[in-house]
Structures are given as C-alpha cells and as structure tokens.
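The values are calculated or read from the model by the stated rules, or taken from the named source; none is laboratory data. Given the structure is predicted, the values throughout are model-derived calculations rather than measurements. Quick reminder, even Gly has a Cβ in these numbers, built from the backbone with ideal geometry, and neighbours come from all protein chains shown.
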Amino acid sequence: MSKKHLKQFLLSVATASAVAAINYTIFHSHFVFVVLMVLIAHELGHYITARMNGAKADLPYFIPFPIISIGITHIKNMKFLSKSTRKKILAYGPITGFITAFYFLLLSLLFSSLPSAPLLFICFSELVFNYFGSDGKKYRQIKEQELSLCIS
C-alpha cells in the first residue's frame, strides 16, 4: 500500500470515528453505528463503482456534524467519463445504502434488537432524499444533458 493510499485510509477511518464519537456522545445509542454503517456503505458504493469503471477515486471521508453527517467521495476524472458510467457511479451510492439499511431492517424484525421505524425511515430516505439531494441533482443534470443532445 502506498503512502497516499494509507493516508486516505487513515483519513476515512478517523473521520468515520469522529462521526461515531460525536453522535454517540449526543444519543448514547447503538443505533448511531447502524446509521454510520449505512453512510459508509453509501459512500463505498460510489467509490467501488467508480474504481470498477476506471475512474480515479479517493476513499471517502466524512464531515462529522451532530445528527446528520456528510460523506464525500472525490472522483477526479468524473467529467471525462461517459454519461452511462457517471449515472452508474451516482446511482450505486443510494442503492448500496438502501440495501444495507434494508438488511438491518430485516435483522431488526427478526431479532427485535433495533428499532424498526427509524430503519424504515433510513431505507426510505436513501431512495427519496438522495434523489432530491446532491447525488440526485447530479444524476438529473446528466439526464438533462442527454435530453438536450437528443433535441438539438
């Protein structure tokens, strides 16, 4: 592992730990770690898809805010990729986040160890809020560019 990759890995681990520490200090609930796992899965969905499609991506890092935290995956050559590849990279974040949240929802229904209502909300938000959030905005811009090329 090169020094650059080691730095990126340590930054990802440190910022994810900061998110967990800040939110656990406020809420004192193991549910904080479930939400963090969904956020990590979301960002790794972008990262892994980008790397599999030949994009130069950095490991994700997280900006720790109380209650809501932000994950960022920097993709260096995004504008040089094809539109279908960009759509794939943008879509796989919410898809993997939803799958992870749905997995935890099923576990909570089977074992009653986690509250189901917040997990259902996280599943819903991964699909709906990400469509209206920054991932969805970028995804819709790619579609609008395709439509404008077809009309011209």
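Regarding Lys79, is this residue among the charged types (D, E, K, R) and more than 15 Å from the chain's Cα centre (by Cα)? Yes, satisfied. With respect to Arg51, is the statement that it is modelled with pLDDT of 90 or more, outside any loop (DSSP other than H, G, I, E, B) and not aromatic (Phe, Trp, Tyr) true? Criteria met by Arg51.
Could you tell me whether Phe65 is surrounded by fewer than 17 Cβ atoms within 10 Å (Cβ to Cβ), outside any helix (DSSP H, G or I) and of a type outside the set (Val, Ile, Thr)? Judged against the criteria, Phe65 is a match. The single condition among (1) surrounded by 15 or more Cβ atoms within 10 Å (Cβ to Cβ); (2) in a loop (DSSP other than H, G, I, E, B) that Leu90 does not meet is (2).
Taking Ile75, is it under 23 Å from His5 (Cα atoms) and in contact (Cβ under 8 Å) with a residue 12 or more places away in the chain?
On the way: under 23 Å from His5 (Cα atoms): yes; in contact (Cβ under 8 Å) with a residue 12 or more places away in the chain: yes.
Answer is yes for this residue.
Of the set (1) in contact with a Leu (Cβ under 9 Å, 6 or more places away or on another chain); (2) at pLDDT 90 or above, all apply to Ala14 but (1). Being modelled with pLDDT of 85 or more, surrounded by fewer than 16 Cβ atoms within 10 Å (Cβ to Cβ), of a type in the set (S, T, N, Q) and out of contact with any Ser or Thr (no Cβ under 7 Å at 6 or more places or on another chain) holds for only one residue in Ser29, Ser82, and it is Ser82.
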